[in-house]
1. Identify all residues within region 105-161 that are of a type in the set (Lys, Arg) and within 30 Å of Met499 (Cβ to Cβ); write none if there are none.
2. Within region 315-333, how many residues turn out to be assigned to a helix (DSSP H, G or I), touching a helix residue (DSSP H, G or I) at 6+ places or on another chain (Cβ under 7 Å) and aliphatic (A, V, I, L, M)?
3. Starting from region 380-408, keep only residues that are at positive phi and part of a loop (DSSP other than H, G, I, E, B), then list their pairs with residues that are among the hydrophobic types (A, V, I, L, M, F, W, C) and surrounded by 11 or more Cβ atoms within 10 Å (Cβ to Cβ) whose Cβ atoms are within a distance under 9 Å, requiring at least 6 positions of separation or different chains.
4. Inspect all residues belonging to region 280-292 and state whether any of them is at pLDDT below 95 and under 25 Å from Val495 (Cα atoms).
5. Which condition number does Pro338 fail, the rest of (1) surrounded by fewer than 14 Cβ atoms within 10 Å (Cβ to Cβ); (2) at pLDDT below 95 being met?
6. When the residues of region 469-479 are filtered to those that are of a type in the set (A, V, I, L, M, F, W, C) and touching a residue at least 40 places away in the same chain (Cβ under 8 Å), which remaining residue is surrounded by the fewest Cβ atoms within 10 Å (Cβ to Cβ)?
7. Could you say whether any residue in region 79-89 is part of a helix (DSSP H, G or I), among the β-branched types (Val, Ile, Thr) and open to solvent by 50 Å² or more (accessible area, probe 1.4 Å)?
8. Quick one: would you say Thr39 is of a type outside the set (A, V, I, L, M, F, W, C), under 22 Å from Ile244 (Cβ atoms) and buried (at least 16 other Cβ atoms within 10 Å of the Cβ)?
Amino acid sequence: MARKRSSDQISYNMSRIKNKNTTIELRFEDELKRRGLTTYVKNPKGIPGKPDFAFVARKIAVFCDGDFWHGYNWEVTKGTIHSNRDFWIPKIEKNIARDAKVNAALEGQGWRTFRFWGHDIKKKLAQCADMVEAALRIVPAPPYRTIDLCAGIGGIRRGFEMTGQFTNILSAEVDKYACKTYQHLFGDDPNNDLTTDEFKDKVAGIEYDVLLAGFPCQTFSRVGKEEGFDDETKGRIFFHIAEIIRRTRPMALFLENVERLVTHDDGETFRIILDKLVNQLGYYVIGVDQSEPGQPTYYPKQFIRNSRDFGMPQNRPRTYIIGFDTERFPMEKLKLLPAEMPTECRDKLYRDLNDLLEKDVPAKYYMASGYLETLIRHRERQESRGYGFGYRIVNEKSIEHPIANTLLATGGSGRERNLIYDPKEGVAGLEIPGKKTPLNSKGIRVMTPTEWGKLQGFINYAFIDENGNDGFSFPVDMPDAQKYKQFGNSVTIPVIREMAEFILKCIGQLTDEEGNGNV
């Protein structure tokens, strides 16, 4: 009869047994890495059973179970135990019961669970990994569901919707005037703060496919303070977006910001962003060479696109980032995608600025003579110092095909760089409430909100119905200052639509079909 061990001896022996990074776990991990599946978390706390590998956003749990410890073929195996049966049999049966309880808990929370026996991992490793990979590689069918973060008045959303292959299910915007316009246009209230745990939990509780975000740009732009990530309220928004991406792993993502983003802080800001997306979150970003794992290389200018190349007479360079999830798509297919985003579009909405200027503009848009003289003197001082700062009349007769300068959300400065020569009889000398001096006699005015709306593609493009009627409008009583701000803060919709079409083509290439199916 075998000698019965003391409880102290049993505790010591149990402590010597590895419960993490076992041989079978390490073999399975090596196979996952070989396949490029590296976005798992090992033994995460807070998840029932603390799976050996958890693809958290996709709710896929993997356990590598040792044959003896977890009771493989238990009815036969327990008959082969001859020593210390009073210890081992209850111990293993307790493990079996615990595994069943963990499986039920995971299922109740919507998880898909894989349990692989140690002997299968040793002899059928590829087949085991195939099952996990197949569960990860599932691609949704169109129309693809989007969430619209830092939504503004919905320019990015609308550009994607115009393809007919995307539908928006959740939005986030905190500016009360922009929220009012957004709800007026789309019927959805976007009033959500993406920095809150409440909103992040809300996103984690829905199923969506593509994340859209034109995150705040003032902290990176030349006209802002250029504080970048040091700005606690706006500069850190990217990291909140990254947290949402980590928790939900959308199939694809689309981010937009100012041109300055790629050069801010000598390029360090953009390097941090790409490192987060590529190395930490595991996304394949168009324009980034990932041949060397952990060391992405890129050329900053590859991420800049200008509205003037997409049929709009506005010099508006912007940074665009497009990424695809390496959990859903294998790296060997991702590397076959185009190395660059679109650089232009075939159809040009306007030949030049003259094509969209309004006729018979109300007198209130003409500049006061005193203010215009101030601008003239300011420009003269700047030019005497060798600078090119100051107001600009963008449609001077000497310009054959005029285009506008970048529309800005900062109010006056955005309008002063886009003055229009538009003489109108009876305007000179008029006194207008709110203007300190009579209107100028040079026929100089600011562009109207409608002209800004055309330059961004909101008016005369994005909301035209099948009968040719333009459905864009602002809510009643929206002040002009807010109209300028909202258009200046927004995107050029024809550029966004082209990027959305590009994403659709990439998905079609990745799935071997035109936009749907499994890899």
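1. Within region 105-161, the first condition is being of a type in the set (Lys, Arg), and the residues that meet it are 112, 115, 122-124, 137, 145, 157-158.
Residues satisfying the conditions are Arg137, Arg145, Arg157, Arg158.
2. Residues in region 315-333 being assigned to a helix (DSSP H, G or I), touching a helix residue (DSSP H, G or I) at 6+ places or on another chain (Cβ under 7 Å) and aliphatic (A, V, I, L, M): 0 in total.
3. Between residues of region 380-408 that are at positive phi and part of a loop (DSSP other than H, G, I, E, B) and residues that are among the hydrophobic types (A, V, I, L, M, F, W, C) and surrounded by 11 or more Cβ atoms within 10 Å (Cβ to Cβ), the close pairs are Gly390/Leu375; Gly390/Ile376.
4. yes
5. The one condition Pro338 does not meet is (2).
6. Initial filter on region 469-479 (of a type in the set (A, V, I, L, M, F, W, C)): 472, 474, 476, 478.
Imposing the further condition that a residue be touching a residue at least 40 places away in the same chain (Cβ under 8 Å) reduces the set to 472, 474, 478.
Working: Phe472: 20, Phe474: 20, Met478: 16.
The residue in question is Met478.
7. Here is the first cut: in region 79-89, the residues part of a helix (DSSP H, G or I) are 79-80, 85-89.
Adding the requirement that they be among the β-branched types (Val, Ile, Thr) leaves 80, 89.
Going one step further and asking which of them are open to solvent by 50 Å² or more (accessible area, probe 1.4 Å), we end up with 80.
Yes, region 79-89 contains a residue that is part of a helix (DSSP H, G or I), among the β-branched types (Val, Ile, Thr) and open to solvent by 50 Å² or more (accessible area, probe 1.4 Å).
8. On the way: of a type outside the set (A, V, I, L, M, F, W, C): yes; under 22 Å from Ile244 (Cβ atoms): yes; buried (at least 16 other Cβ atoms within 10 Å of the Cβ): yes.
Considered against the rule, which asks whether it is of a type outside the set (A, V, I, L, M, F, W, C), under 22 Å from Ile244 (Cβ atoms) and buried (at least 16 other Cβ atoms within 10 Å of the Cβ), Thr39 comes out as yes.
The values are calculated or read from the model by the stated rules, or taken from the named source; none is laboratory data. Just so we're clear, the structure is a prediction, and the values are computed from it rather than from any experiment. When we count neighbours, we look across all protein chains shown, and the Cβ atoms used for this are built from the backbone with ideal geometry, even at glycine. For the accessible areas, the whole protein counts, side chains as well, though only heavy atoms, and no ligand, DNA or RNA atoms are used. Shrake-Rupley method; radii C 1.70, N 1.55, O 1.52, S 1.80 Å.
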